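This report refers to the structure that appears directly beneath it.
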Amino acid sequence: MRDIMHPLSVALVLALFVTLPVSAAENPKQHRVTMHVDQNDPDVMKLALNNAKNVIEHYRNRGEAVVVEIVTYSSGLHMLRSDTSPVKGRIKEMVGQFSTMIKFAACNNTMQGMEKREGHAISIIPEATIVSSGVVELVDLQEQGWSYIRP
């Protein structure tokens, strides 16, 4: 009987190791959050930045990885324009503080429309990247499992 129990005991112990969850230190949860700004309203822009900072600090304090992407389109593109952004200093500060945890995306469709209406090239702050479409960027991120928050 002892000869049979030993292999069964080993099998049981191995089965437990296979089914036990991996510790957070070995496999930290990855949080991916996106939000959008579509209004030329400094209060909405500040709210989005505050939300992003709070999310980043919350998960960072828990030792969990996080990335937040703020997508701008329509009149919200002013948030990322070099000439009209009321929050470009704060964005620069946040990117300096959370460089790998925060991203900013500017809608190229909106940018082209603004350039046509205003009759000159639009410059985007260096902390932002230009995406073909802000709305499509939001759709793509959500389809990849990103959480969506509206500020």
query: Could we say that M111 is crowded, with 19+ Cβ neighbours inside 10 Å, in contact with a strand residue (DSSP E or B) (Cβ under 8 Å, 6 or more places away or on another chain) and either of a type in the set (S, T, N, Q) or farther than 19 Å from A52 by Cβ (or both) here?
result: yes
message: I'm told I149 meets every condition in (1) open to solvent by less than 20 Å² (accessible area, probe 1.4 Å); (2) under 21 Å from H58 (Cα atoms) except one. Can you identify the failing condition by its number?
response: (1)
message: If I ask for residues that are touching a residue at least 40 places away in the same chain (Cβ under 8 Å) and charged (D, E, K, R), which ones from the stretch 72-88 would you list?
response: R81, D83
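What do you reckon, is R81 over 15 Å from the mean Cα position of the chain (by Cα), of a type outside the set (F, W, Y) and open to solvent by 10 Å² or more (accessible area, probe 1.4 Å)?
Numbers: over 15 Å from the mean Cα position of the chain (by Cα): yes; of a type outside the set (F, W, Y): yes; open to solvent by 10 Å² or more (accessible area, probe 1.4 Å): no.
No.
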field: Any chance T129 is open to solvent by 60 Å² or more (accessible area, probe 1.4 Å), assigned to a loop (DSSP other than H, G, I, E, B), of a type in the set (V, I, T) and touching a strand residue (DSSP E or B) at 6+ places or on another chain (Cβ under 8 Å)
entry: no
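The values are calculated or read from the model by the stated rules, or taken from the named source; none is laboratory data. Everything numeric in this text was worked out from a predicted model, so none of it was measured. For neighbour counting, all protein chains shown are included, and Cβ atoms are generated from backbone atoms with ideal geometry for every residue, glycine included. Side chains included, ligands, DNA and RNA excluded: accessible areas come from the protein's heavy atoms. Shrake-Rupley method; radii C 1.70, N 1.55, O 1.52, S 1.80 Å.
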